[in-house]
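The values are calculated or read from the model by the stated rules, or taken from the named source; none is laboratory data. Please read all numbers here as calculations on a predicted model, not as lab measurements. Here the Cβ is made from the backbone with ideal geometry for all residues, glycine too, and neighbour counts use every protein chain on show.
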């Protein structure tokens, strides 16, 4: 596991260096919005979504350098979603990644605009010159469409809306799974599919990677819910117990902790089964899947 964590940190560092390169400096006018963007973006995080973009491209073509803008775009979208999630109107969380959330530091208005700016910057990156020079335009367009759909009402936003609206009267396993597969899973699915598409994946490869991502996203969210109950604030960098405090429906709440653990393990097993078509090329992704349910942060 230590070897895997070292490799994950190395790949995350590549993403961080690229984000630093692509983003406007913090003193760009008007400075407050650029500082707010950087405050949330560089607060830490595992960078799993951009790492999945890079890994999917490597599996398909053996190369990942030229998909870095797309990888960074996924992290921008993920960070925007966290900023908006933390707002008083939604989850009302005061801490994220071990520090006060954006709205606690910059106020709600700037936090909303920082999230908006990150989403916009993501699509600026997806159409940047680096992508145009090295990847066929048709692939870039297809990948951008995947990411746009995953970020909208058929993906992340749709899942978030149902997470807000669902009540104890209509909540069941199918609605909860819809929330998980969209609010969390949509960006995992888009990350893997975008990386594969940009690398020129065939239909069989794309289908296998899509299945992997769907199972991985489900397991990731269940594990997050378990950590909200069983985890330590200092390890997670946020206040645990917020789901229970906000009376949110999660897999452990609906089905119990043991069944939640079993479901997460089954999802990871199913995710790894989808990678059988790639032999040893997918070893890093297999280890990443194991990490998702063994992590304590």
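Every condition in (1) under 27 Å from residue 224 (Cα atoms); (2) free of Cβ contacts under 8 Å to residues at least 24 places away in the same chain; (3) assigned to a helix (DSSP H, G or I) is met by residue 20 except one, and the failing one is (1). The lone criterion from (1) part of a helix (DSSP H, G or I); (2) closer than 28 Å to residue 231 by Cα; (3) touching a residue at least 40 places away in the same chain (Cβ under 8 Å) left unmet by residue 56 is number (2).
Can you find even one residue in segment 67-87 that is within 30 Å of residue 279 (Cβ to Cβ), at pLDDT 95 or above and outside any helix (DSSP H, G or I)? Within segment 67-87 (the criterion being within 30 Å of residue 279 (Cβ to Cβ), at pLDDT 95 or above and outside any helix (DSSP H, G or I)), the answer is no, since none of the residues qualifies.
Within segment 17-56, which residues are within 25 Å of residue 293 (Cβ to Cβ), touching a helix residue (DSSP H, G or I) at 6+ places or on another chain (Cβ under 9 Å) and surrounded by fewer than 19 Cβ atoms within 10 Å (Cβ to Cβ)? Within segment 17-56, 43, 46 qualify. Contact map, segment 85-106: residues that are on the phi > 0 side of the Ramachandran plot and buried (at least 20 other Cβ atoms within 10 Å of the Cβ) paired with residues that are modelled with pLDDT of 95 or more and assigned to a loop (DSSP other than H, G, I, E, B), Cβ distance under 9 Å, separation 6+ or inter-chain. No pairs are found. Considering only residues in segment 1-16 that are out of contact with any helix residue (DSSP H, G or I) (no Cβ under 6 Å at 6 or more places or on another chain), assigned to a helix (DSSP H, G or I) and in contact (Cβ under 8 Å) with a residue 24 or more places away in the chain, the one that is surrounded by the fewest Cβ atoms within 10 Å (Cβ to Cβ) turns out to be 5.
State the number of residues belonging to segment 275-285 that are surrounded by 13 or more Cβ atoms within 10 Å (Cβ to Cβ) and either more than 21 Å from the chain's Cα centre (by Cα) or closer than 15 Å to residue 220 by Cβ (or both). Going through segment 275-285 one residue at a time, the tally reaches 4. Does segment 66-75 contain any residue that is surrounded by fewer than 20 Cβ atoms within 10 Å (Cβ to Cβ) and out of contact with any strand residue (DSSP E or B) (no Cβ under 9 Å at 6 or more places or on another chain)? Within segment 66-75 (the criterion being surrounded by fewer than 20 Cβ atoms within 10 Å (Cβ to Cβ) and out of contact with any strand residue (DSSP E or B) (no Cβ under 9 Å at 6 or more places or on another chain)), the answer is yes, since at least one residue qualifies.
Sub-8 Å Cβ pairs linking a first residue in segment 132-143 that is free of Cβ contacts under 8 Å to residues at least 12 places away in the same chain to a second residue that is surrounded by 13 or more Cβ atoms within 10 Å (Cβ to Cβ), at least 6 apart or interchain, are 132/140, ordered by first then second residue. Do we find that residue 110 is over 22 Å from residue 23 (Cα atoms) and either buried (at least 23 other Cβ atoms within 10 Å of the Cβ) or touching a residue at least 40 places away in the same chain (Cβ under 8 Å) (or both) in this structure? Considered against the rule, which asks whether it is over 22 Å from residue 23 (Cα atoms) and either buried (at least 23 other Cβ atoms within 10 Å of the Cβ) or touching a residue at least 40 places away in the same chain (Cβ under 8 Å) (or both), residue 110 comes out as no. Of the helices (runs of 4 or more DSSP H) lying entirely inside segment 126-220, those containing at least 3 residues that are buried (at least 20 other Cβ atoms within 10 Å of the Cβ) are 137-151, 156-165, 185-198. Residue 45 meets the conditions (1) part of a helix (DSSP H, G or I); (2) within 26 Å of residue 99 (Cβ to Cβ) in every case but one. The failed one is (1).
Please work out if residue 90 is farther than 21 Å from residue 139 by Cα and in contact with a strand residue (DSSP E or B) (Cβ under 9 Å, 6 or more places away or on another chain). Here the answer is no, as residue 90 does not meet what is asked.
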